[in-house]
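Data block below; observations after.
The values are calculated or read from the model by the stated rules, or taken from the named source; none is laboratory data. Worth saying up front: this structure is predicted, and the values here are computed from it rather than measured. Cβ sites come from the backbone with ideal geometry, for glycine too, and all protein chains shown count toward neighbours. Please note that ligands, DNA and RNA were not included when accessible areas were found on the heavy atoms of the full protein model with its side chains. Shrake-Rupley method; radii C 1.70, N 1.55, O 1.52, S 1.80 Å.
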Amino acid sequence: MQRRTITVSGIVQGVGFRPFVYSLASQLKLVGFVQNRSGQVSIEAEGSLTALDRFTEQLRSKAPALARIDRLSSHSIPVRHENHFQILASETTLDADVFVSPDMAMCADCRRELFDPADRRYRYPFLNCTQCGPRLTIIHRAPYDRVNTTMAAFEMCAACRAEYENPMDRRFHAQPIACPACGPRLQLLDEIAVPIESADPLASFVAEIKQGKIGALKGIGGYHLVCLANDDAVVNRLRQRKHRQQKPFAIMVRDCTQAAKWCRIDAAEQQRLLSPQRPIVCLRKRNEAVGISDAIAPGNAFLGVMLPYSPLHELLLDCVGDDPLVMTSGNRSDEPIAYQDADAAERLRGIADRFLVHDRPIRVRCDDSVTRVIAGRESPIRRSRGAAPMPITLPFHCPQPVLAVGGQRKNVFALATGTHAFLSHHIGDLDDLSALDSFQRDIGLYEQLFGITPRVLVHDLHPDYASTTYAIQRAKQEFLLAFAVQHHHSHLASCMAEHGIESDVIGVVFDGSGFGGDEAVWGGEFLIGGYRSFKRAAHLRPVRLPGGDKATKEPWRVALSYLTMASCDVEGWRSGINQAIGSNAVRIVQQMIDRGFNSPWTSSAGRLFDAVAAITGVRQTVHFEGQAAMELETLALQSDCAQTYALNTTDPVDTRP
Ligand code: ZN
Ligand code: ZN
């Protein structure tokens, strides 16, 4: 007989770890207990030496699918001669590594119940278990217990409580556990968010969608706007109302077979589509993609596709049938996605004809993740719902807890301690006041959730980013160390961390823009260095950016600048665009370039792509960031020409030839 105390850390809360430990201990006839202590799971187990060894081994080898064990330590303590194994209530102290699971797509067991007429949760849109359901989006504070989530207001019925308290049940301590008797409910609202009586709100909502209406659907991390993706008229109406002229919409389809009607899907892409993270996957559109509106992603070779991830989505698609649905962020233009009910009702008024909502509040706004597979390998574009706040493992040790506040656009912040970096969900553009509010509030939430108090703040070298201002002010108030990192150096370091690289590298950073610290805007950089430092070994030959930021919306300006720099005979090309742009505007911009008036220098690769797109006649102005380059890529993908331009490797890299 022996007794051991075992401490397990990693992702072990909210993933069914304690019931797993309980059933494993029972099988091996061990006595003792298991308990959540802050983020770690603490176990005392007593029994024969063989059973204990097997227990320790199987803790790792048979752990639940969503669990991730980072550390397991074990040592002997005096025997206590108990007679059973039990699960003790959580103990709260905030001194250990705490992990909170991301929101996970519905598991296979829950799916079976959802469509089983004999099950008490038959067609219940909010069923979940320890292996699936909302997590980050419903949490107020650590530890992850029901009272600390937005489910606190729902009192469990006797049947749910029995499952919740039964260590052998697959819903043991599933914090968002719910059923039709005690959990959240759907409600249908009209176009001004006034409740409409309906015996089956989902069916009524779907009936409206099928008739070409636009719906607002409250999901896991926010509201989506939903409509038929095969109806040009309604897709164009959505574009008008949302003030989103050409930026692609994502679609949701029932399964991979449906997706394969419109897109080519390889094995790696299928694996991403079906993963529990359920991101939007950018798939190559089929040439003969009939049955999907051209207005979904005009001029784009790709289509953003996702599969249902919540039981509500499953039911929605089940009712809709084979029709693909537009499933786009519930917002106007480029605002952050709406996630609070009152705000959604306000902001989506005039866009949505019907709202399908429910009474489980969303605590953390979390956009869909977006990913793309390139040459068989995943290349994430936006890491958010389903992935955040899963930490990444750093190839080095942080001597002090660090908060990195991120950039101004597409903001994500990170908290790091030891060898873990917790990347936030997608916060968005900090120009927007509500995004800035989320930024500040969610930094506070993450610090509390993971028990990390930063001693060091890291910000972009750009003095005018809202994140920079936050870091500098906070460092002053709290007497913390703050330092700036050049934008492209941080891209290089992030890429190294993502791939676990420790040694120095040659980093080619192609970007739109970043503050370089000199007079120029950087963005086409060849850096040599590592985490600590870098040398700017080469960069694209700088070009004038007539009108500064305005040039990013009007690629023809950059094209004119490039052609002028290359001493090309621009007359022919200029007269070509005179008609589209207006000869006066073209003449003024030419003067700006020649005199250098309001025309900063830039080495941006994004602007080079824009210029090529404009010179080749792809487009002269854009509706959204990256549009010209995306359409150029679409054309390039259709070409089988293998020739390339010669590239000199001097500094600066001369683009003029
Ligand atoms: Zn489940
Ligand atoms: Zn219940």
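Kindly provide the set of residues from segment 540-564 that are in contact with a Leu (Cβ under 9 Å, 6 or more places away or on another chain) and open to solvent by 30 Å² or more (accessible area, probe 1.4 Å), ordered by number.
THR552
Quick check, is SER61 within 23 Å of THR7 (Cβ to Cβ), away from ligand 1 (no atom under 13 Å from the Cβ), free of Cβ contacts under 8 Å to residues at least 24 places away in the same chain and of a type in the set (Ser, Thr, Tyr)?
It is true that SER61 is within 23 Å of THR7 (Cβ to Cβ), away from ligand 1 (no atom under 13 Å from the Cβ), free of Cβ contacts under 8 Å to residues at least 24 places away in the same chain and of a type in the set (Ser, Thr, Tyr).
Hey, can you tell me all the residues within segment 587-609 that are crowded, with 19+ Cβ neighbours inside 10 Å and out of contact with any Gly (no Cβ under 9 Å at 6 or more places or on another chain)?
Passing the criteria: only ILE593.
List every residue pair whose Cβ atoms lie under 9 Å apart, where the two residues are 6 or more positions apart in sequence or sit on different chains, the first residue falls within segment 134-145 and is assigned to a helix (DSSP H, G or I), and the second residue, located anywhere, is aromatic (Phe, Trp, Tyr) and crowded, with 22+ Cβ neighbours inside 10 Å.
Close Cβ pairs satisfying both conditions: THR137/TYR339.
Take the residues in segment 451-477 that are part of a strand (DSSP E or B) and not β-branched (Val, Ile, Thr), then tell me which one is surrounded by the most Cβ atoms within 10 Å (Cβ to Cβ).
Ranking the qualifying residues of segment 451-477, first place goes to HIS459.
From the list ALA174, ALA105, pick out the single residue that is closer than 17 Å to PRO19 by Cα, buried (at least 23 other Cβ atoms within 10 Å of the Cβ), touching a residue at least 60 places away in the same chain (Cβ under 8 Å) and of a type in the set (Gly, Ala, Ser).
Exactly one of ALA174, ALA105 is closer than 17 Å to PRO19 by Cα, buried (at least 23 other Cβ atoms within 10 Å of the Cβ), touching a residue at least 60 places away in the same chain (Cβ under 8 Å) and of a type in the set (Gly, Ala, Ser), namely ALA174.
In segment 128-139, which residue that is within 13 Å of ligand 1 (Cβ to nearest atom) and more than 19 Å from LEU315 (Cα to Cα) is surrounded by the fewest Cβ atoms within 10 Å (Cβ to Cβ)?
The residue in question is GLN131.
Determine if segment 288-296 includes at least one residue that is outside any loop (DSSP other than H, G, I, E, B) and either in contact with a helix residue (DSSP H, G or I) (Cβ under 6 Å, 6 or more places away or on another chain) or under 30 Å from PRO176 (Cα atoms) (or both).
no
Looking at segment 44-90, which of the residues that are of a type in the set (Lys, Arg) and either surrounded by 13 or more Cβ atoms within 10 Å (Cβ to Cβ) or touching a helix residue (DSSP H, G or I) at 6+ places or on another chain (Cβ under 9 Å) (or both) is farthest from PHE172 (Cα to Cα)?
Among those that are of a type in the set (Lys, Arg) and either surrounded by 13 or more Cβ atoms within 10 Å (Cβ to Cβ) or touching a helix residue (DSSP H, G or I) at 6+ places or on another chain (Cβ under 9 Å) (or both), it is ARG54.
Residues that are touching a Leu at 6+ places or on another chain (Cβ under 8 Å), at negative phi and part of a strand (DSSP E or B): does segment 313-325 have at least one?
For segment 313-325, residues touching a Leu at 6+ places or on another chain (Cβ under 8 Å), at negative phi and part of a strand (DSSP E or B): present.
Condition first: in contact with a helix residue (DSSP H, G or I) (Cβ under 7 Å, 6 or more places away or on another chain) and at positive phi. Now tell me which residues in segment 118-170 satisfy that.
ARG123, the sole residue that qualifies.
Which of the following residues is within 16 Å of ligand 1 (Cβ to nearest atom) and under 15 Å from VAL12 (Cα atoms): ASP103, ASP145, ASP116?
That would be ASP103, the only listed residue that is within 16 Å of ligand 1 (Cβ to nearest atom) and under 15 Å from VAL12 (Cα atoms).
State which residue is modelled with the lowest pLDDT when the search covers only segment 99-117 and only residues that are touching a helix residue (DSSP H, G or I) at 6+ places or on another chain (Cβ under 7 Å) and over 12 Å from PRO311 (Cβ atoms).
VAL100
Checking the conditions here, which among LEU307, LEU317, LEU273 is out of contact with any Lys or Arg (no Cβ under 8 Å at 6 or more places or on another chain) and among the aliphatic types (A, V, I, L, M)?
LEU273
Out of (1) open to solvent by 60 Å² or more (accessible area, probe 1.4 Å); (2) within 26 Å of SER333 (Cβ to Cβ); (3) touching a strand residue (DSSP E or B) at 6+ places or on another chain (Cβ under 7 Å), what's the single condition that is false for ILE192?
Result: ILE192 fails condition (3) only.
From the list ALA118, ALA89, ALA174, pick out the single residue that is within 15 Å of ligand 2 (Cβ to nearest atom) and of a type in the set (A, V, I, L, M).
Being within 15 Å of ligand 2 (Cβ to nearest atom) and of a type in the set (A, V, I, L, M) holds for just one of ALA118, ALA89, ALA174, which is ALA174.
Out of (1) open to solvent by 20 Å² or more (accessible area, probe 1.4 Å); (2) within 25 Å of the chain's Cα centre (by Cα); (3) of a type in the set (A, V, I, L, M, F, W, C), the odd one out for LEU492 is which?
Only one criterion in (1) open to solvent by 20 Å² or more (accessible area, probe 1.4 Å); (2) within 25 Å of the chain's Cα centre (by Cα); (3) of a type in the set (A, V, I, L, M, F, W, C) is unmet by LEU492, namely (1).
Quick one: which residue in VAL405, VAL412 is crowded, with 16+ Cβ neighbours inside 10 Å, under 20 Å from SER513 (Cβ atoms) and out of contact with any Gly (no Cβ under 9 Å at 6 or more places or on another chain)?
After ruling out the rest, the residue left standing is VAL405.
Within segment 237-257, identify whether any single residue is open to solvent by less than 30 Å² (accessible area, probe 1.4 Å), over 30 Å from ALA342 (Cβ atoms) and either out of contact with any strand residue (DSSP E or B) (no Cβ under 8 Å at 6 or more places or on another chain) or of a type in the set (A, V, I, L, M) (or both), and answer yes or no.
Yes, segment 237-257 contains at least one residue that is open to solvent by less than 30 Å² (accessible area, probe 1.4 Å), over 30 Å from ALA342 (Cβ atoms) and either out of contact with any strand residue (DSSP E or B) (no Cβ under 8 Å at 6 or more places or on another chain) or of a type in the set (A, V, I, L, M) (or both).
Within segment 620-649, track down each residue that is assigned to a loop (DSSP other than H, G, I, E, B) and open to solvent by 80 Å² or more (accessible area, probe 1.4 Å).
HIS623, GLU625, ASP640, CYS641, ALA642, GLN643, THR644, TYR645, ALA646, LEU647, THR649
Quickly run through segment 427-450 and pick out the residues that are open to solvent by less than 30 Å² (accessible area, probe 1.4 Å) and in a loop (DSSP other than H, G, I, E, B).
ILE427, LEU430, PHE450
Just one of PRO180, PRO125 is within 16 Å of ligand 2 (Cβ to nearest atom) and open to solvent by less than 30 Å² (accessible area, probe 1.4 Å); which is it?
Just one listed residue meets the conditions, PRO125.
Starting from residues that are open to solvent by 10 Å² or more (accessible area, probe 1.4 Å) and within 16 Å of ligand 2 (Cβ to nearest atom), keep the ones in segment 140-153 and report whichever is farthest from the chain's Cα centre (by Cα).
ALA153
Does ARG112 meet the test of being open to solvent by 20 Å² or more (accessible area, probe 1.4 Å) and either out of contact with any Lys or Arg (no Cβ under 9 Å at 6 or more places or on another chain) or within 16 Å of ligand 2 (Cβ to nearest atom) (or both)?
So ARG112 passes the test.
With respect to ARG170, determine if the residue is within 16 Å of ligand 1 (Cβ to nearest atom) and over 26 Å from ARG372 (Cα atoms).
yes
Say we look at segment 158-168 and pick out the residues that are more than 19 Å from PRO134 (Cβ to Cβ) and either touching a residue at least 40 places away in the same chain (Cβ under 8 Å) or within 7 Å of ligand 2 (Cβ to nearest atom) (or both); which of these is surrounded by the fewest Cβ atoms within 10 Å (Cβ to Cβ)?
Top of the filtered list is MET168.
Based on this model, can you work out whether ALA233 counts as open to solvent by less than 50 Å² (accessible area, probe 1.4 Å) and either modelled with pLDDT of 95 or more or of a type outside the set (Asp, Glu) (or both)?
Spelling it out, it is not the case that ALA233 is open to solvent by less than 50 Å² (accessible area, probe 1.4 Å) and either modelled with pLDDT of 95 or more or of a type outside the set (Asp, Glu) (or both).
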